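Q: Questions regarding the structure given below will be posed in turn.
The values are calculated or read from the model by the stated rules, or taken from the named source; none is laboratory data. Worth saying up front: this structure is predicted, and the values here are computed from it rather than measured. FYI the Cβ positions are ideal-geometry reconstructions off the backbone, even for glycines, and counts take in every protein chain you see.
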Amino acid sequence: MAAIVLVPGFWLGAWAWEDVTSELRAAGHDVYPLTLTGLADRAAEATPDVDVYTHVDDIVRFIEGKGLRDVVLVGHSGANLPVTGAADRIPDLIARIVYVDAGPLPGGMAVIDFNEPQTQEEWRKQVVEEGDGWRLPAPPFDPEADPDNLAGLTDEHLARIGTLATPQPFATVTRPLVRPTVPPDTRCSVIASTFTPEQVRMMADSGNAVFESMARMDLRHLPTGHWPMFSRPTELAALLDEIAR
């Protein structure tokens, strides 16, 4: 059985993995859901200096502190940079990275850069013009406004996420990750929810640098919205169990 470390995406904490964690533990795995600095139960630790490297440090410190080896490191959505950075730093401790509805970004690219210009502009407006200058508020999680990403979520899911989601330190969104010139040859899987493996390959064939590396990975499809740990936790856990064995 594997040591599985679960890292949530933007606005979430370890709580987001509760259903997946219970399924994986029932399957016999050692499972460690994390809350990153400045979020959820660690919201009091948020400062303007919390950035992607803070979150890389969180993951590395946790894995080394627990003495874990052969780790299956799982990152959802915006956690793609922290899990990539952690695996770059301690490759001997990582057996595989699993990206959930995400993939590794090229070195020098920040999460905000991957989003559409309209989203980038809206995020900066929310932070700089309407907010405190360093925290990105959680979205409204409105299924009418965002039906694809929120597909599969019940009213109870939406209410819980809306209650527990916390603002995201904006430097984790805007600061890029510098990767080694020759990154470690860590095995990687992608569990795609809002896109398909075929779409990944098509984007890679078009020369899209983000998808070129993903196309060479172990690609799995779990059709649902962007939050499969809520909408399809049993199926997500089953895929992680299969990948980890």
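Q: Inside the stretch 170-198, can you point out the residues that are in a helix (DSSP H, G or I), in contact with a helix residue (DSSP H, G or I) (Cβ under 8 Å, 6 or more places away or on another chain) and not β-branched (Val, Ile, Thr)? Full working, then the answer.
A: Going residue by residue through the stretch 170-198, those that are in a helix (DSSP H, G or I) are 171-174, 197-198.
Checking which are in contact with a helix residue (DSSP H, G or I) (Cβ under 8 Å, 6 or more places away or on another chain) leaves us with 171-174.
171 - this is the single residue of the stretch 170-198 that is in a helix (DSSP H, G or I), in contact with a helix residue (DSSP H, G or I) (Cβ under 8 Å, 6 or more places away or on another chain) and not β-branched (Val, Ile, Thr).
Q: Let me ask something additional. Given (1) surrounded by fewer than 19 Cβ atoms within 10 Å (Cβ to Cβ); (2) at pLDDT 95 or above, identify the lone condition not met by residue 231.
A: The single condition residue 231 does not satisfy is (1).
Q: To continue, here is another question. Among all residue pairs at least 6 apart or on different chains, which show Cβ distances below 8 Å where the first residue, located in the stretch 217-245, is free of Cβ contacts under 8 Å to residues at least 12 places away in the same chain and under 18 Å from residue 21 (Cβ atoms) and the second is assigned to a helix (DSSP H, G or I) and not small (Gly, Ala, Ser)?
A: Note: no pairs meet the criteria.
Q: Also, quick follow-up: Looking only at the stretch 38-65, which residues are surrounded by fewer than 19 Cβ atoms within 10 Å (Cβ to Cβ) and without any contact (Cβ under 8 Å) to a residue 60 or more places away in the chain?
A: Of everything in the stretch 38-65, those that are surrounded by fewer than 19 Cβ atoms within 10 Å (Cβ to Cβ) and without any contact (Cβ under 8 Å) to a residue 60 or more places away in the chain turn out to be 41, 42, 44, 45, 57, 60, 61, 62, 64, 65.
Q: Go through the residues of the stretch 172-189 one by one and say whether even a single one is free of Cβ contacts under 8 Å to residues at least 60 places away in the same chain and closer than 22 Å to residue 230 by Cβ.
A: No, the stretch 172-189 contains no residue that is free of Cβ contacts under 8 Å to residues at least 60 places away in the same chain and closer than 22 Å to residue 230 by Cβ.
Q: Same structure, new question: Working only within the stretch 89-122, note down all residues that are surrounded by fewer than 18 Cβ atoms within 10 Å (Cβ to Cβ), within 22 Å of residue 46 (Cβ to Cβ) and of a type in the set (A, V, I, L, M).
A: none
Q: Taking the stretch 123-139, which residues are surrounded by 11 or more Cβ atoms within 10 Å (Cβ to Cβ), of a type outside the set (D, E, K, R) and assigned to a loop (DSSP other than H, G, I, E, B)?
A: Result: 131, 134, 137, 138, 139.
Q: Scan 201, 187, 175, 216 and give me the residue that is basic (Lys, Arg) and crowded, with 17+ Cβ neighbours inside 10 Å. Please lay out each step first, then the result.
A: Details: 201 fails: crowded, with 17+ Cβ neighbours inside 10 Å; 187 fails: crowded, with 17+ Cβ neighbours inside 10 Å; 216 fails: crowded, with 17+ Cβ neighbours inside 10 Å.
Matching residue, one of 201, 187, 175, 216: 175.
Q: Also: Being over 20 Å from residue 16 (Cα atoms), more than 13 Å from the chain's Cα centre (by Cα) and not hydrophobic (A, V, I, L, M, F, W, C) narrows it down to one residue among 91, 104; which is it? Even if it seems obvious, please write down each step before you answer.
A: Working: 104 fails: more than 13 Å from the chain's Cα centre (by Cα).
The match here is 91.
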